[in-house]
Amino acid sequence: MAIFQYSHIIFITLCTIYFIFYFKRIIRNSPLAKVFRNMHRAHEKITQVLNERGGTYLLRGPWFFRIEILFTSDPANIQHIFSKRFSNYPKGTEFRNKFEILGDGIFSSDFEMWELQRRTILSLISHAKFHTSLERNVWEKIETGLIPVLDYFSGQGIVVDLQEIFQRFAFDNICQLVLEYDPGSLSAALPYIPCEKAFSVALQPLMYRHVLPERIWKLQKWLKIGNEKKLTESWKAFDDFLYPIISSKEKNNRLDVFTAFENAYENNNNNNVNFSGDLRKFLRDSLLGLLFAGRDTTSTCITWLFYLIATNPLSESKILDEIEREIIPVKNEWRFFNIEESKKLVYLHACLCESLRLFPPLALEYKSPIESDTLPSGHFVSRNSKVVISFYTVGRSESVWGKDCLEFKPERWITPRGGIKHEPSYKFPAFNVGPRTCLGKEMSFIQMKMVAATIVYRYRVRLVDGHLVVPRDSLMLHAKNGLKVRLFERNV
Ligand code: HEM
């Protein structure tokens, strides 16, 4: 009996050792492992693989992880998924699980909840009052936040991380616009405001949730370790910021945005929309969605714009010439320009489009079909499978943008008559494609032009020697090490 038990134990131990080595080898050599090894440069790796394989690639993990992800950057697939068969590709429950932090906000909702959010936001941002307050808020922040802070850094000759400055600018600005509250994160002392930082922190764990098996990130979450710990802390930072503002504004000063979302909630509660919480939770989710939309997108785009300008000095002088020609002559001195006048800055607009083409702030999109489907590329996607769309790759595909796709060429956006060339969104998906197209596109161009024109006109921006500017492994295409520059004041 004892002999049987010993041999039994030896057998089980040997099997276990064999299986550990066997699985280690499988894992080490699997495509999934290659993805993890390259996570620090995920966007580059995905682009390389997709460009080598004609724009679509099925990634399979070891069978026991049951991971199968179809990556694509093929414009025909993008148009199919986002427009033609839009209703077959909702964000889905899995996306909602991963992005639980966003609750019922627009970015994680589908069907009636999404329509409700979209209608409400559209009614707010298409109001004339919104445009007036956008123009006023942007210039106010430039005057009281951006210029004094940049003057301070240039005066002291200190290196400044422009990405950090733009994130703070965008955060203060969207808070002013949506909440009529200025958190004051953009001042020379660069104060630490947990909610402002939480946006950057949360995005990385959210990307890892896309590639890690669900049971692993759920275990990390339960153990409160690693990326999941950071995500939980970000969640708390958002709630600690938003709930007190909701309470105070409800008591003292009702905002249009609150009334709009409250009406949406009241009219649809007990109707066809299933809210995941009460009215306060719905307000928190809706507002957080707007802060997410406004903080990281514009700041990321303008960060890469200044990187591209700094590495292409000719475009800097062209932007300057355009400002001097179109804006300055009115009073022969620097002045704040209005929304209508910002349309005259065509070359600057083209530079922003190039920045968005090469560095789309939202670099990856995730979809899951409700019903099995065959994509135009011929790839079959089964029900509930995972499809990851790389917007980053689209702008870097020779088949889409030609041999010079990696070059910064604002001229490609300018028509012979001097206007901005329209490109179909499946070829230029930075603002998304189809019915879920970005609602803030117009306002973001206005804001970014005002900020960029001010900086180019006042300062020469020079990259710090040896500073490596590469995308971070995050859903939002932040510059991994920031954008460290020195500013030299022009004689304005
Ligand atoms: C350079 C700036 C911007 C870029 C590149 C951009 C890009 C995008 C993208 C890719 C989406 C789709 C996201 C998804 O599928 O979940 C989106 C959606 C959205 N964006 Fe923007 N965005 C920008 C600025 C803004 C701003 C300033 C706002 C205003 C608050 C805004 C509001 C929205 C909203 C509300 C949606 C949701 C649309 C929907 O799901 O129907 N965006 N944006």
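The values are calculated or read from the model by the stated rules, or taken from the named source; none is laboratory data. This structure is a prediction, so every number in the text was calculated from the model and none was measured. A quick note on method: Cβ atoms are made from the backbone with ideal geometry, for glycine too, and the neighbour counts reach across all protein chains shown. Keep in mind that these areas ignore ligands, DNA and RNA; they rest on the heavy atoms of the full protein, side chains included. Shrake-Rupley method; radii C 1.70, N 1.55, O 1.52, S 1.80 Å.
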Seminar exercise, completed: Here segment 181-187 yields Karplus 3J(HN,Hα) values (6.51, -1.76, 1.60; θ = phi - 60°; whole Hz; Gly and Pro given as x) of 9, 9, x, x, 6, 9, 8
Exercise. Taking only the alpha carbons of the chain, what extent do you get along each of the three principal axes, in Å, biggest first?
Worked result: 100, 56, 48
Exercise. Taking only DSSP H segments of four or more residues, each worth -39500 (n - 2.57), what value at 222 nm results for the chain once the sum is divided by all its residues, to the nearest 500 deg cm²/dmol?
Worked result: -17500 deg cm²/dmol
Seminar exercise, completed: Helix 279-311 sits off the longest principal axis of the Cα atoms of the chain, rounded to the nearest 10 on a 0 to 90 degree scale, by 70
Exercise. How big is the charge dipole of the chain about its Cα centre, in debye rounded to the nearest 20, if each Lys and Arg gets +1 on its Cβ and each Asp and Glu gets -1 on its Cβ?
Worked result: 1460
Exercise. Relative contact order of segment 38-489: what whole-number percent is it, with Cα pairs under 8 angstrom and at least 6 residues apart?
Worked result: 26
For this session: Note the angle between two axes, namely the Cα long axis of helix 147-156 and the longest principal axis of the Cα atoms of the chain, as a number of degrees from 0 to 90, rounded to the nearest 10.
Result: 90
Exercise. In terms of Cα to Cα distance under 18 Å, which aspartates and glutamates are near enough to K91, apart from those fewer than 8 places away along the same chain?
Worked result: E68, E100, D104, D110, E112, E115, E214, D285, E365, E371, D373
Exercise. Between N263 and N97, how many nm apart are label points set 7 Å from Cα along the C-beta direction?
Worked result: 3.8
Exercise. Counting DSSP beta bridges with both partners in the chain, what percentage is antiparallel, nearest 5?
Worked result: 85
Seminar exercise, completed: As straight-line cross-link partners of K484, the qualifying lysines (C-alpha separation under 26 Å, not fewer than 8 residues apart within one chain) are K45, K141, K197, K230, K318, K409, K449
For this session: List the residues whose amide H sits under 5 Å from the amide H of L255, counting only those 5 or more places along or on another chain, with H placed 1.01 Å from N in the peptide plane.
Result: none
Seminar exercise, completed: A chain fully extended from N312 to V330 at 0.36 nm per residue, minus the present Cα-Cα distance, gains in nm 3.6 nm
Exercise. Once amide H atoms are placed 1.01 Å from N in the peptide plane, what residues at a sequence separation of 5 or more from L59, or on another chain, have their amide H within under 5 Å of its amide H?
Worked result: I69, L70, F71
Exercise. Quick one: ranking R60, R462, R472 by accessible area, 1.4 Å probe, largest first, what do you get?
Worked result: R60, R462, R472
For this session: Could you tell me the distance between the Cα centroids of segment 81-143 and segment 282-296, to the nearest Å?
Result: 8
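When only the heavy atoms of the protein chains count and the probe is 1.4 Å, how do T232, T56 rank by accessible area, highest first?
On the way: T232 70, T56 10 Å².
The ranking, largest first, comes out as T232, T56.
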Exercise. Counting only protein heavy atoms and using a 1.4 Å probe, what share of the accessible area of segment 38-489 belongs to carbon plus sulfur, as a whole percent?
Worked result: 53
Problem set entry | E489 paired with Y457, simple spin-label distance in nm, labels 7 Å along Cα-to-beta-carbon | 1.7
Exercise. Over the heavy atoms of S377, what accessible area does a 1.4 Å probe trace out, to the nearest 10 Å²?
Worked result: 40
For this session: Starting from the Cα of R136, step 7 Å toward the Cβ, then list every residue of segment 180-197 with an amide N under 17 Å from that point.
Result: 180-183
Exercise. Angle, helix 194-211 long axis vs. longest principal axis of the chain, Cα atoms, 0 to 90°, nearest 10?
Worked result: 40
For this session: Treat each spin label as a single point 7 Å out from the Cα along the C-beta direction, and report the R53 to E68 distance in nm.
Result: 1.3
Problem set entry | E423 - accessible surface, heavy atoms, 1.4 Å probe, Å² rounded to 10 | 20
Exercise. Sorting W334, W235 by accessible area (1.4 Å probe), largest first, what list results?
Worked result: W235, W334
For this session: For K343 and R60, compute 0.36 nm times the residue count separating them, minus their Cα-Cα distance, and round to one decimal in nm.
Result: 97.2 nm
Exercise. Rounded to the nearest whole Å², what accessible area per residue is found for segment 38-489 with the 1.4 Å probe?
Worked result: 42
Problem set entry | Under 21 Å from K84, Cα to Cα: lysines that are on another chain or at least 8 residues apart | K367, K386, K427
For this session: First measure r as the distance between the Cβ atoms of D256 and E407, then evaluate 1/(1 + (r/R0)^6) with R0 = 60 Å and state the FRET efficiency to the nearest 0.05.
Result: 0.85
